[in-house]
Amino acid sequence: MASSPVISGDNPPIDSHHALIDYFATGEKPRARFRIGAEHEKFVFHNSDLSRPAYAGTDGIEALLKGLTRFGWAEVYEKGRLIALSRDGASVTLEPGGQFELSGAPLETVHAIAAETARHIDEVKVVGGELGLGFLGVGFSPLWSREQTPVMPKGRYNIMRAYMPKVGNLGLDMMLRTSTIQANLDYESEADMVLKFRVSLSLQPLATALFANSPFTEGKPNGFLSARANVWTDTDPDRTGLLAFVFEDGFGYERYAQYALDVPMYFVKRDDYIDASGQSFRAFLKGELPALPGARPTMDDWGDHLTTLFPEVRLKKYLEMRGADGGPQSHINALAAFWAGILYDQTALEAAWDLVKRWRHEDRLEWRARAAKTGLKGEIAGRAVTDWAREALEIAEAGLKRRGLLSESGQDESIYLAPLFEIADSGVTLADRWLEKYHGEWGGKVEPVYQAAAY
């Protein structure tokens, strides 16, 4: 069994339960310092046969990472293996199946996010082109089975792969075959966090519907518009979902901390990853963790543990919006714009709360399930889903216009909502479009999506 190393003075063991709660308070920022972080994953594939590349090899993921260093990215290693890159507050990281992720820097405007994303995609296309690799923007791997998907050499993923089948049926699909877009946003105070959490958690199924883009599995329609969203319903009930307690009286930092303490651990990171899967962080606080007896956690351990929670909205030192499928460049910008418009303008935030505050938890659960299955079709709470979508988009648009942050050409951030308005007005998601082509001009084949949805 691994032993615990000496903890340095600048990262001492946690000395009180209140320190766990204070962790979230340290994320509070004045409105002038609010930033937006955009993250997106994409599937890498060999142009020759559409297969997903392994980590090693002259045309593998490692070669792709090394090729990007010409653009000023610094290398990040784990046990001698190149696993990530960093530059100017942003990072390029690997998901378990080699999904290639840009975790963007915290930026002031959606215009800046659009520029950052465009630069990254240009860079990966240059290097990928040299290696014979393409990049696919959908939410679920359209062709390849779990067994056909290479696994990346990161210690935490080995632990998660062993644990996932014990708690759900689709956790390995989540790890190996899904791809997502996220937006990360700040809060000013605990009360501000609570309102933003409630609004964004309520509207997360709407994001799932608008961004639905994963209708294929192993070469055939899978019965969902967002198979990625459906995967999360059978991954691990301890750490996923819509978190009913967020809407209860008294919700705040302490209640979220209690929830996090109740979620079983995956690992402890010391010199290596120590398998603590299924064990209790509460026991860790007492020095009674079976995987590391006598050791007590640091704030870094608490931060690591919080990253292993996967609700539809996740609290760290900011709020993460986790409901959208991977998709095209325009959708990366649109997700950031949608949430900034709603959450960063007080009038918009209050209007969005008025829109959703009468919803019961059963309504939210129903919408979540239906969004994965049917996207924008049908009704929820007696109203057409497209009407809910249109009103939420209008709230976001007004919020962005009031923000008044202009591009060099004088346009405000609401321009990035255009693809979402098109989807809401038509009721036709990207997944619907791919299915129409599959049953029509593609002749029952999914391979053409690798061209149609490539970056």
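The convex hull drawn around the Cα atoms of region 142-287, when projected onto a plane and averaged over every direction, covers 10.7 nm². For region 170-217, dividing the convex hull volume of the Cα atoms by the residue count gives 107 Å³ per residue.
Using the structure shown, select from Lys29/Lys357; Lys166/Lys269; Lys125/Lys166 the pairs with a Cα to Cα distance greater than 27 angstrom. As for pairs spanning more than 27 Å Cα to Cα, those are Lys125/Lys166.
For region 131-137, putting each phi into the Karplus relation 6.51 cos²θ - 1.76 cosθ + 1.60 with θ = phi - 60° gives couplings of 9, x, 10, x, 9, 10, x Hz, in residue order, rounded to whole numbers and with x for Gly and Pro. With a simple spin-label model that places each label point 7 Å from the Cα along the Cα-to-Cβ direction, the separation between Ser48 and Glu436 comes to 3.7 nm. Here is the result for region 218-299: no chymotrypsin sites (Phe, Trp or Tyr not before Pro) lie in DSSP coil with at most 13 other C-beta atoms within 10 angstrom of their C-beta.
Equivalent ellipsoid of region 108-151: semi-axes from √(5λ) of the C-alpha gyration tensor, largest first, are 27, 16, 8 Å. Amide H to amide H, with H built 1.01 Å from N, Phe211 comes under 5 Å of Asp325, counting only residues 5 or more places away or on other chains. Close amide H contacts of Glu78 (hydrogens built in the peptide plane, cut-off under 5 Å, sequence separation of 5 or more or a different chain): Ile83. Shape index of the chain: Rg/Rh, with Rg the Cα radius of gyration and Rh the Kirkwood radius from the inverse mean 1/r over Cα pairs, equals 0.95. With loop defined by DSSP as not H, G, I, E or B, and exposure as at most 10 other Cβ atoms within 10 Å, which is the longest segment of the chain clear of exposed GluC sites (Glu not before Pro)? Counting at most 10 other Cβ atoms within 10 Å as exposed, the longest clean stretch of the chain is 249-407. Please give the calculated 222 nm ellipticity per residue for the chain, where each DSSP H segment of at least 4 residues contributes -39500 (n - 2.57) and the sum is spread over every residue; nearest 500 deg cm²/dmol? After summing the helix terms and dividing by residue count, I get -12500 deg cm²/dmol. Descending by average beta-carbon neighbour count within 10 Å, the peptides 11-20, 369-378 line up as 369-378, 11-20, the highest first. For region 48-93, taking the reciprocal of the average inverse distance between every pair of different Cα atoms yields a Kirkwood hydrodynamic radius of 11.3 Å.
In whole angstrom, region 12-75 maps to an equivalent ellipsoid with semi-axes of 40, 17, 14, each derived as √(5λ) from the alpha carbon gyration tensor and ordered largest first.
Using a 7 Å offset from Cα along Cα-Cβ at Lys166, what residues in region 227-245 end up with backbone N under 19 Å from the label point? Inside the label zone: 234-240. Once backbone amide H atoms are built at 1.01 Å from N, Gly378 has Val385 as its partners under 5 Å, excluding neighbours fewer than 5 places away on the same chain. Using only alpha-carbon positions in region 10-161, the gyration tensor eigenvalues give semi-axes of 31, 21, 15 Å once each is multiplied by 5 and square-rooted (largest first). With R₀ fixed at 51 Å, the C-beta to C-beta distance from Asp363 to Glu108 puts the FRET efficiency at about 0.90. Histogrammed with a bin width of 10 Å, the alpha carbon distances of region 348-427 distribute as 17, 42, 30, 10, 1 percent, first bin at zero. Run the Debye formula on the Cα coordinates of region 291-401, all scatterers equal and no solvent, and tell me log10 I(q)/I(0) at q = 0.13, 0.15, 0.18 1/Å. The calculated log intensity ratios at q = 0.13, 0.15, 0.18 Å⁻¹ are -0.64, -0.81, -1.08. Multiplying the residue separation of Gln148 and Asp88 by 0.36 nm and subtracting their alpha-carbon distance yields 18.1 nm.
Bear in mind that the values in this text are calculations on the coordinates, not laboratory data. Being a predicted model, the structure only gives us computed values, none of them experimental. As a convention, Cβ positions derive from the backbone with ideal geometry for all residues, glycine included, and neighbour counts pool all protein chains shown.
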